[in-house]
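For reference, the structure discussed in these notes is given below.
The values are calculated or read from the model by the stated rules, or taken from the named source; none is laboratory data. Keep in mind it's a predicted model, so treat the numbers as computed, not measured. Because the Cβ atoms are built from the backbone with ideal geometry, glycine has one as well, and the counts that use them run over all protein chains shown. Remember, those area values only see protein heavy atoms, side chains included, never the ligands or the DNA or RNA. Shrake-Rupley method; radii C 1.70, N 1.55, O 1.52, S 1.80 Å.
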Amino acid sequence: MSKTSLSNNKDYLNWLFSIKSRYKQQQIKASIRVNRNLLEFYWNLGKDIVERNLENTYGSGFFRKLSMDMKKHIDDTKGFSESNLRYMHSFYSLY
């Protein structure tokens with residue numbers, strides 16, 4: 001079959017669009033799974049912070065220290081700013 005006959009073949013085009021649709025659906029499912037797992041991680045990190053009660057040590061700079069240490073020890077990481085760590089703490093406390 002030649003190139004032009006394939007691009008004009010309705011069955012082939014329908015199959016091609018089906019592949020595209022299934023691929024897009026799998027991309028969405030993967031994104032949802034990743035986001036779910038990250039939310040679970042953030043919730044558990046908030047739980048760890050609450051259970052250790054380290055943020056209540058006056059003047060300790062706990063969130064700042066944890067933020068700097070996580071950035072230092074976990075390569076190519078983002079999302080662990082001092083304010084985000086406070087949000088994770090609140091996220092666990094609220095839910």
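Structure notes:
- Single unsatisfied condition, S93 versus (1) in contact with a Phe, Trp or Tyr (Cβ under 6 Å, 6 or more places away or on another chain); (2) open to solvent by 60 Å² or more (accessible area, probe 1.4 Å): (1)
- Reported count of residues in region 60-79, each being surrounded by fewer than 10 Cβ atoms within 10 Å (Cβ to Cβ) and modelled with pLDDT under 90, is 3.
- Within the span defined as region 36-51, every residue fails to be among the hydroxyl-bearing types (S, T, Y) and surrounded by fewer than 13 Cβ atoms within 10 Å (Cβ to Cβ).
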